[in-house]
Structures are given as structure tokens and as C-alpha cells.
Amino acid sequence: MPAIYPIQDAFVRGELSPRLHARASLDLYRAGLAVCENFLTLPHGGIRKRAGSYYVGELGPGSFGPGVTGVVRLFPFIFSADQAYCLEFGELYLRIYAYGARVGTIELVTPWPEDALDGIQFVQSADVMWLVHPDYAPQVLTREAALTWTLDEFEFDDGPYKDINLTPTTLTPASTGSLTPIMTNNTTPSGTVADSAASANAYLLFDGDRSGQYNVATASGWTSYTFSAGTKVADAYWMVAPVTGDLTGAPSEWTIEGYDGSRWVVLDTRSGESGWSAGEKRYYEFTNKTAYSSYRFNWKALNGLTTLVIAELRLNEAGDGQTPFNLTASSTTGINDGVGFKTTDVGRPIRLLGGDGVWRWAKIAARTSSTVVTIRLYGHALPDTSPITNWRMSAFEEGDWPSSVGLFEERLALAQRYAVFLSKTGLFEDFSTGEADDDALEFRNAGGGQANDIVWMADADGFLLLATAGGVRALSGSGLDEALTPTSFKNRKSRTFGCSYIAPIDAGASFVYVTRNRRGLAELMQNASGRFTSDDITQVSEHIPKKGIVEITYQSDPDPMIWFPLDTGELGGYTHQPSQEVRGMHRHVFGGVFGSGDAIVERALSTPGQDGPDDVWLAVKRTISSNTRRYLEIMTAPMEYSTLDDAFFVDCGLSYSGSATNSLSGLSHLNGQSVDVLYKTGAGKWFVAKGRTVSGGAITLPNSATCVKAHVGLPYDGTVETLELDVGGKDGSLVGRRKKVAKVILSLFETDTSGLQIRSKLRGAWENIRIPTNVASDGSITLFTGNVEVPIDDSWQGQGKIEIRHTNPTPCTVRGLSPVMEYEP
């Protein structure tokens, strides 16, 4: 029988779908595996046994809720590459971790029960994170200091709003929101009006009547209003030019000032105010948070005359300090689908169009009845208390909150079903629309022609990606590198797969997202024409994601990896370096059990690590001492070009370093479990102890051995199965022909060969790897790099498939393999 020596020196396509196991003609076949479990493919071509997981702490329940099942969700909070956190959200609580440990005893109350956790979406900027859920009011998480965190309900300033009321229902305000009352003389009804001319008619500036014009025969001077008692905050005003007469008596330069008890403080300065028309009203805003006992208008120059003439001046009291006043609806029609005002409307913005044609906004402070609420008015005082026909309720309300959130070009973006609302530039709470470039925007049917809900949003190189069940759309400015503004926008359709609600990841050169049915991953790329397309990157390994993807996270260091927990409890992995044609999928089963099956990986999250490699946080569910336990663990960094001191290959484990001891304690989280130990003696030698049972939170080493360093935790095996190797015979492919493997040559790197075994796929006997020159007489562990030849017991029915497994809590890297095969001609 002819003998051949095929070689497989690349495994970069990982575990291939069983549907491809006969496609030997494909290039990817020669770089694939039939099974890749607890090994991961490396960009360099080889496979490495995954590192273990380090125990951080027990998850849930929180102090604020019962924790129905203990389910949690992990979110990243990344201020910078040097300050990164893992956030644990559970039943009505939030805890914070960083670099393998909990941050203090911080535990914040949250509004989300367990069954709402998967519906939360978030976006972060610096020390602030916005979180949304369609059934709960948006929240803002703020890191004020290392141990000071707050979670508060997000407060909207002016919008966004529903469509303008088209029903006959009117809203009548009981007040105008003015800082000053309508004065009938200098002291009535309250407060005192005075001016620099000691005029008895100074009150005409505040009488609310355009026909009674205020005039003072001086080109400069002042008019003030002083409260009878207390202080108030002003932050806006409007002024009406003379209705009749010479308009050059209107002011051109002035200040608005507040009196703090000892001096006048300038709050607003205006100059060059010319070109007034008869009865023209101009609006002005300024920033002020201080309450004053008096305010004055101090004019410096006029537009020509030497006598000041003004029809009216109205200062607005800042809304936050304003005494709420009634807003009465003529009926419930048009309000909350005919229900009228609801108790849940408290805090909700409402927009009102005054009789002067200018929109104001208010916030509902309290609900009195279905037709009466009290409000605080913001911006500018109303001209009068006439019934208001044109009004708009906030677009968001109880049970109908935004479902996704993003940041784009310094705007906060919120999506509600298939509508998108973007805030003013740099003002994340302000959604008031307009025509200025920095005004807020709204797109009522941003999802395109189909009424598909927007399930997530992401900023991608000048585009705001809007993901729907029908595909991805791209929102941007209308021109190349043009900013998105109210007058410059474009909403492009892309030829992409539909999306699930699971947030995507930025994988460096592209975005990767979960497809609509949660059974695949798609890579989103931008082509030369600027349009987005997507490819199914899991097709060659479709049997793995078809188990149902729970979420995805991206690890960039030390190797580019996408991690995704599956509905089955396995952790899917995907080595993703498309520039080098490295796209390999692998599966990971974690040590321990849940019920009668394997441990369940429920969540995975990657954050920048403290010392280089990213931290991969895992939420793992196991049965411990007959009870269900959920633990937070960190997948440790791989041992690379190092020593066994860094070889952590156990799950849910801990490390010890100290004086020589025979007993290792602190393991109460693993009581009753069988654990493996990699330990170092005082002489500097490393040994493996397997199957030690944790009792009372401790174990003892066998044979009275002592250690100064140890890694202890739940064991796991790494398993690899090759495809039917094929190099082609004289008359065609060898696939399907009878073959027999006599031996295998393995190329290893930094591998503990005492834990390495190999066998043919058909035969059941595992062959231990024995390298006499690398075996210590005392059984201590040494690492081997090089080639080793292993004879195996095979059959002519074996099809040339071999299996490799590694069972010790030590490292194993396979760079390549070459079976020596005989085949049927």
C-alpha cells in the first residue's frame, strides 16, 4: 500500500460545519477541523488550549429585589484604556467591578427586573452612560469619582414630541410664567418698579399692554423691578419695539442686571440692536442660575432719539424654580389617546404655541385630573393666558420609551419603533427642532419603507447605522464628509442581512452583528461607493451559531477574538483577522456541571485589561453542593513565552502564593467539587495533582507535599478532531477511500506533553505522548517545544481521522501535525 505524509500546518478556519466535511477541494478544508473544543485557533496558524477562568465573586441577588432566578447581564463602562469597568446588572440592582475585583461595596438601585435585562441598550461618553428600555424611563449612569456612582432618570429638556394636536381640544394656562406680574402702577399688584428718572409711570414697561408705551426722556438710564420678598431666577426675556411713533427711540445697547444685596451683577449684554420695526418682538436668552431680589434694564444707547420708547419688556422666571401653575384642557380628546392626563405624565415635556406664534415648552409638575395638570414653563414667558390650540405632547411616555440609543456627531440619538430623534449638538437633553445646523432632528420613518423597528444604532465612520429586522440603513449628511443637520441629511438603504436586537461590536476594520434569528454573524463593510453590505461570516461553521447566540463581545488583545455565549451554555469563539484570512470558529465548555449537563456560560464581556491583554468577563451557572450558583469569572491571559507561574488552566479557580503549605483554603465557592491543582514546590519544581475534593473550603496536596505557589480550580479538557486528511492520490482525491494512520508527527510549542494524548477516530485507545528526554524522573512538569512522533493504533476503516486531547491543568499549543498514512490505491 502506498504511504503518504500529508501535513496540516494551519487551523485558521477552526471547526467546520459537518456539511463541509466532504469538500476537500476547498482551500478552507485544509485549514479546518471537525472538532475544536477548548482550543482556539491562532492567527499564526496553530491551535492553543484556552486559558482558564479566575473566580471573581458570586453574582446576585441584589439588596433591592428578590432575584427571581439570579439572571444577570454584564455591561462595559470604558472611560479609557486605563480605566475600564464591568457592570453587573441584576434584579433591580447594579454592582461594579474592575480588573478582577469588585469596586468597594457599591450597589445602586435600578428600575429593571430580571426579565427586562436583555431589552436594555446603552451608549457611553466619558463618565456618562445612557441606558434605555422601551418599558422603562431612560436612565443616566454617572461616575463622579472612583467610589461615587449615581443612576438617575434622564430628564428631557424640550422634546422630542408627538405630532401637533389636530383636535378641538385647547389648553389654557393660569399664568404666563413671567418673572413680574402685570403691573397697574409702580407698586401694584406686588413689588416695586422704579427708574432713573423717578417716573410715576415706570410700571408701563411691565404693564403687558403694547398701547401704553413706556418712555423716558434720556438716551441712557435704567428701570428696575424689586420683589416684595424673596428672590427669583431669570434666564430669558423678550422686548417689544414701539407700536407707534419714531422707532429710533428703541434701544440699541443695554444690559440686564440682577441685584445680589450689595451690587448689580450684569447677566446679559446686548449691542448693535438696530433696524426695529413697529411692534416687533425680539427674544433673548442668557445663562443664569442665581436668584436675585431685583432686576433692572439698563439702557446705554438708542437708535437715534434721545428719548427711550419701549412698548413692553417681559422677563421669564427660570422653570426649575418656578411655582407650578394650572394648565387646563377643554376635553380629554387628543390627550393620551383620549384618556386625558395620566399620573405617569408627571415630568413629561409639553410644547405650547403662544398667541405671538412662538413655541414654548413646559414640564408637567403634577396631575390634578384627566383635564388639569400643573406645569413649569421654560424659555420665554407667554404673551397672555388665552387658550392654546396648537400643542404637542412628548413622544416618550410610560410604556413607550426609546428602545435604542446611540451617539453621533456630538448628538444623543434615541430610537422609538421606526423613528429616530437626535438632540442638539452638545446638548444631549435638548431635542428642540429648528433649522440651525446644531438644532435637533427627527426622522419619523427612519427605518425606510417597511415599518421595521430600529433594534440598535451605531456610529460608523461618518454614518449613523440604523439596524432593523429588514437590514441596516445609514443616516448621514447629504454630501461627502458633510455633517448631519436639519437641512443636510441622507438616509441610505443597504443590502444587508436583517438584525437581531443584540448590540453589534466594532471589530476594528468592520462591524459584526447578530442576524435576525440569532443564528448567525454578519460582517458589515463599506464599499468603494460608500454603501454598506454584509456577509455571513459563520456559514462555514454554521452549526455553532445555530445553537442561538445570546450576545457578542470583542477581544482585541492578545489576539482578535469574538466571543458569544450560546443558548446551549457553550461559549462560542471566533478568531477574526480577515486581513490575514484568519476566520476560525471554536467552542468552549467550562469546568463543572449544571444539573446533569455541563456548566452554562450565560454572559461574556470584554474590557481593556490592566496589564495589556483584555479582560474577558464571564457569568457562569453551575450546580454546587446541589444548589444553583452563578459566578463572575475572568478568562485569564494565555501563557505566552513565559513560565508555568503564569499557566492558569483551571476554571473558576484561584491562585496561591506564599509560604510553603500542604493545605489550600479560600475555596468555599467550590465546596464538594473535584478540582485539579498545578503547584510549585519550594525547590522550584511544578507538579499536577488531580481529583482533589474541596471540603470546608479547602484541599490538601497529596503525599504531604507542600507548595509556595498554586493554581487550583475545576478541570477541563481540550479536544481536537481532524477532518479526513486529503492530499490527493495519483488518480484523484483520497476522500472516501480506506486509509490507515500508522503514526502522527506533532509540532508542539510550550506544551506539557504529560497531559497530551492522541488516538485514531475509530479506535478507542488513547496514546500518551512520551518523550523520554523530556520526562523528569520525579514526575515534575516540563514544557516541550519541537516535533514528536507518536505511533497510534488505527484501522483501515478509520478514514485517516485523528483526535487529540489535553487533560492536565497546563499549557498545550499544536503548531501542526503530519500523519503517516497508507491508503487504498
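The values are calculated or read from the model by the stated rules, or taken from the named source; none is laboratory data. This structure is a prediction, so every number in the text was calculated from the model and none was measured. Backbone-built Cβ (ideal geometry, glycine too); neighbour counts: all protein chains shown. When the accessible area is computed, the model is the full protein with side chains, heavy atoms only, and any ligands, DNA or RNA have been set aside. Shrake-Rupley method; radii C 1.70, N 1.55, O 1.52, S 1.80 Å.
Numbers for the structure displayed
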read-out: Residue ID - least open to solvent (accessible area, probe 1.4 Å), chosen from residues in region 571-630 that are more than 27 Å from the chain's Cα centre (by Cα) and on the phi > 0 side of the Ramachandran plot; value: Gly592
read-out: Residues of region 639-656 satisfying the condition of being open to solvent by 30 Å² or more (accessible area, probe 1.4 Å) and either part of a loop (DSSP other than H, G, I, E, B) or in contact with a strand residue (DSSP E or B) (Cβ under 7 Å, 6 or more places away or on another chain) (or both); value: Glu640, Tyr641, Ser642, Thr643, Asp645, Leu654, Ser655, Tyr656
read-out: Residues (at pLDDT below 95 and not aliphatic (A, V, I, L, M)) located in region 788-815; value: Glu789, Pro791, Asp793, Asp794, Ser795, Trp796, Gln797, Gly798, Gln799, Gly800, Lys801, Glu803
read-out: Every residue from region 16-28 that is in contact (Cβ under 8 Å) with a residue 40 or more places away in the chain and within 30 Å of Asp557 (Cβ to Cβ); value: Leu16, Ser17, Leu28
read-out: Thr425 within 28 Å of Leu179 (Cβ to Cβ), modelled with pLDDT of 95 or more and β-branched (Val, Ile, Thr); value: no
read-out: Residues of region 123-142 classified as surrounded by fewer than 20 Cβ atoms within 10 Å (Cβ to Cβ) and either over 22 Å from Asp345 (Cα atoms) or under 13 Å from the mean Cα position of the chain (by Cα) (or both), total; value: 7
read-out: Sole residue being closer than 26 Å to Leu20 by Cβ, open to solvent by less than 10 Å² (accessible area, probe 1.4 Å) and of a type in the set (A, V, I, L, M, F, W, C), chosen from Val550, Val512, Val472; value: Val512
read-out: Residue match in region 553-563 (condition: aromatic (Phe, Trp, Tyr), in contact with a helix residue (DSSP H, G or I) (Cβ under 9 Å, 6 or more places away or on another chain), open to solvent by less than 10 Å² (accessible area, probe 1.4 Å) and touching a residue at least 40 places away in the same chain (Cβ under 8 Å)); value: no
read-out: Residue check for Ser175: open to solvent by 20 Å² or more (accessible area, probe 1.4 Å), touching a Ser or Thr at 6+ places or on another chain (Cβ under 6 Å) and under 22 Å from Leu377 (Cβ atoms); value: no
read-out: Residue count for region 148-161, restricted to those that are modelled with pLDDT of 95 or more and surrounded by fewer than 19 Cβ atoms within 10 Å (Cβ to Cβ); value: 5
read-out: Those residues of region 390-410 which are among the aliphatic types (A, V, I, L, M) and closer than 14 Å to Pro160 by Cβ, in sequence order; value: Met393, Ala395, Val405
read-out: Filter result for Phe89 (under 23 Å from the mean Cα position of the chain (by Cα), among the aromatic types (Phe, Trp, Tyr) and either under 30 Å from Ile335 (Cβ atoms) or open to solvent by 30 Å² or more (accessible area, probe 1.4 Å) (or both)); value: no
read-out: Single residue of region 19-46 satisfying the filter (in a helix (DSSP H, G or I) and open to solvent by less than 20 Å² (accessible area, probe 1.4 Å)) that is modelled with the lowest pLDDT; value: Tyr29
read-out: Residue match in region 721-733 (condition: at pLDDT 85 or above, touching a His at 6+ places or on another chain (Cβ under 7 Å), open to solvent by 20 Å² or more (accessible area, probe 1.4 Å) and part of a loop (DSSP other than H, G, I, E, B)); value: no
read-out: Scan of region 734-760 for residues that are among the aliphatic types (A, V, I, L, M) and either touching a Pro at 6+ places or on another chain (Cβ under 9 Å) or modelled with pLDDT of 80 or more (or both), ordered by number; value: Leu734, Val741, Ala742, Val744, Ile745, Leu746, Leu748, Leu756, Ile758
read-out: Ala366, sole failed condition from (1) open to solvent by less than 20 Å² (accessible area, probe 1.4 Å); (2) assigned to a strand (DSSP E or B); value: (1)
read-out: Verdict on Met561 being among the hydrophobic types (A, V, I, L, M, F, W, C), modelled with pLDDT of 95 or more and in contact with an Asp or Glu (Cβ under 6 Å, 6 or more places away or on another chain); value: no
read-out: Exclusive hit being out of contact with any His (no Cβ under 7 Å at 6 or more places or on another chain), among the small types (Gly, Ala, Ser) and closer than 15 Å to Ala174 by Cα, set Ser370, Ser386, Ser404; value: Ser386
read-out: Enumeration of residues in region 106-151 that are among the hydroxyl-bearing types (Ser, Thr, Tyr) and in contact with a helix residue (DSSP H, G or I) (Cβ under 8 Å, 6 or more places away or on another chain); value: Tyr136
read-out: Residues satisfying the stated conditions in region 674-693, i.e. surrounded by fewer than 23 Cβ atoms within 10 Å (Cβ to Cβ) and either part of a loop (DSSP other than H, G, I, E, B) or touching a Pro at 6+ places or on another chain (Cβ under 6 Å) (or both); value: Thr681, Gly682, Ala683, Gly684, Lys685, Ala689
